[in-house]
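Following: one structure in structure tokens, then a few remarks.
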Amino acid sequence: MQALTRGSKLGAWILLTAIGLTLAGCAQLKPRAAGQASADLWTGRLSLQIQTDPPQNVYAGFELRGNPVQGELHLNTPLGNTVVAAHWSSGQASLRSGGKTSSFRSIDELLAGATGAALPASALFDWLAGKNTASNGWVADLTQQAAGRISARRSEPAPLTELRIVLDQ
């Protein structure tokens, strides 16, 4: 929770981390109801660790809807309060945290700007679906994906970044 109170830049980082989507954590795909028009939905917990000086650590519950082109991400405290909200569609992305809203050209730009580390949004959605997509220095571990656990790590380029997702059951 300490990481969540560091301001809007950290909030953006948390959002990007959830979207960035690489290392092992907690999340679960919820099936769509028949005829439902909304995008896929994943909920769970995530942990994002970025080895900067000082190190950045984010732990949050999340709700992720959509795909790399259009969607939204909400990061929540253990009590369920939303502390970061991100929305994106073709050519635009916004991040709301601490009463402030920041705009970006894409979800990838939003994630990089918020976290200081390039998080692979497209690959994250593939990882959630069980597809081991390679992405610029990221190595995903999907051996526990069927059980709702995904982890990813990027060592190059710096900073070392780890993502863990645990999906709700």
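The values are calculated or read from the model by the stated rules, or taken from the named source; none is laboratory data. The structure presented is a predicted model; accordingly, all values stated were derived computationally and were not measured. Using ideal geometry, Cβ is built from the backbone for each residue, glycine included, and neighbour counts are taken over all protein chains shown.
Put simply, of Ala158, Ala117 the only residue that is part of a loop (DSSP other than H, G, I, E, B), of a type in the set (A, V, I, L, M) and surrounded by fewer than 16 Cβ atoms within 10 Å (Cβ to Cβ) is Ala158. Just one of the numbered conditions (1) within 17 Å of Ser47 (Cβ to Cβ); (2) surrounded by 20 or more Cβ atoms within 10 Å (Cβ to Cβ); (3) modelled with pLDDT of 90 or more; (4) not aromatic (Phe, Trp, Tyr) is not true of Asp141: (2). Determine whether Asp53 is surrounded by 15 or more Cβ atoms within 10 Å (Cβ to Cβ), out of contact with any Leu (no Cβ under 7 Å at 6 or more places or on another chain) and not aromatic (Phe, Trp, Tyr). In short, no.
Can you spot a residue in the range 57-75 that is in contact with a Ser or Thr (Cβ under 7 Å, 6 or more places away or on another chain), among the β-branched types (Val, Ile, Thr) and farther than 23 Å from Ile150 by Cα? Scanning the range 57-75 turns up no residue that is in contact with a Ser or Thr (Cβ under 7 Å, 6 or more places away or on another chain), among the β-branched types (Val, Ile, Thr) and farther than 23 Å from Ile150 by Cα.
Applying the criterion of being within 16 Å of Leu41 (Cα to Cα) and buried (at least 18 other Cβ atoms within 10 Å of the Cβ) to the residues of the range 57-67, the residue that is farthest from the chain's Cα centre (by Cα) is Gly66.
Could you check the range 1-109 for strands (runs of 3 or more DSSP E) lying wholly inside it with 3 or more residues that are modelled with pLDDT under 50?
Qualifying strands (runs of 3 or more DSSP E): 26-30.
Within this structure, Arg149 passes the test of being of a type in the set (Lys, Arg) and either closer than 17 Å to Gly44 by Cβ or without any contact (Cβ under 8 Å) to a residue 12 or more places away in the chain (or both). Here the range 95-119 is the region considered, the condition is being of a type in the set (Ser, Thr, Tyr) and without any contact (Cβ under 8 Å) to a residue 12 or more places away in the chain, and the residue that is nearest to Ala152 (Cα to Cα) is Ser103.
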